[in-house]
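Here the structure comes first, spelled out in structure tokens, and everything after it is commentary.
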Amino acid sequence: MSKNQIHKQGFTLLEVMTAMAILAMFMVPLLGAVISGISGVERTRNLQLARQYGLNQLDQVEMEAIPEMEMEQSGNFGPEHPEMEWRIEFRKRPELELLEQAISGLTTMEVVITVSWPDGNERRELVLTSLMAQ
């Protein structure tokens, strides 16, 4: 070997800095996508939970007698999910009143169940509507 030949081993500082800059350019959007995916999973979980609780409330309403007049009830889902709230509205609709007049002894009511929960700085809602007759 001659004195003019230099053996290079490893990377120079400039090569390492360039590689880190390229890596950082790809990591920032990737990190944003991961965070977005995690929040999407949380939103989906809350929506599924709200749907299940809303359907449970509807089942309970269907087992009880239909109220004769419009009314509203509200509450939350207890110690398991106190941040999730529900509201049940019993409404008379004009077409249902006509049906009641046509069929004696029939009682009908529109039932609207709203389940709401916090999502960041806002509240999300899921609304279930059903018609009941007895």
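Each reported figure results from applying straightforward, stated rules to the coordinates on display, with no laboratory input. The structure presented is a predicted model; accordingly, all values stated were derived computationally and were not measured. Don't worry about glycine lacking a Cβ; one is built from the backbone with ideal geometry, like all the others, and counts go over all protein chains shown.
Could you check which residue among Gln57, Gln73, Gln48 shows the biggest mean-square fluctuation in a GNM of the chain with a 10 Å Cα cutoff? With Cα springs under 10 Å in the chain, the top fluctuation among Gln57, Gln73, Gln48 is at Gln73. Our coupling estimate for segment 21-29, obtained by passing each phi through the Karplus curve with A = 6.51, B = -1.76, C = 1.60 and θ = phi - 60°, is 5, 5, 4, 5, 4, 8, 6, 4, x Hz, Gly and Pro reported as x. Just to confirm my numbers, what's the Cα centroid distance between segment 93-127 and segment 1-80 in Å? Each part's Cα centre sits 33 Å from the other's.
Positive end of the dipole of segment 12-134 (Cβ unit charges, origin at the Cα centre): among His81, Asn121, Tyr53, the Cα lying farthest that way belongs to Asn121. Taken along the Cα-to-beta-carbon direction at a fixed 7 Å, the label points for Val16 and Asn121 span 4.2 nm. Remark: the chain carries a charge dipole of roughly 1380 debye about the Cα centre, counting +1 on each Lys and Arg Cβ and -1 on each Asp and Glu Cβ. Packing order of peptides 49-55, 124-130, 21-27, highest average first: 49-55, 124-130, 21-27 (average count of other Cβ atoms within 10 Å over each peptide's residues). Zone of Ile66 (label point 7 Å along Cα→Cβ, backbone N under 13 Å): which residues in segment 120-134? Counting only backbone N, you get 130-134.
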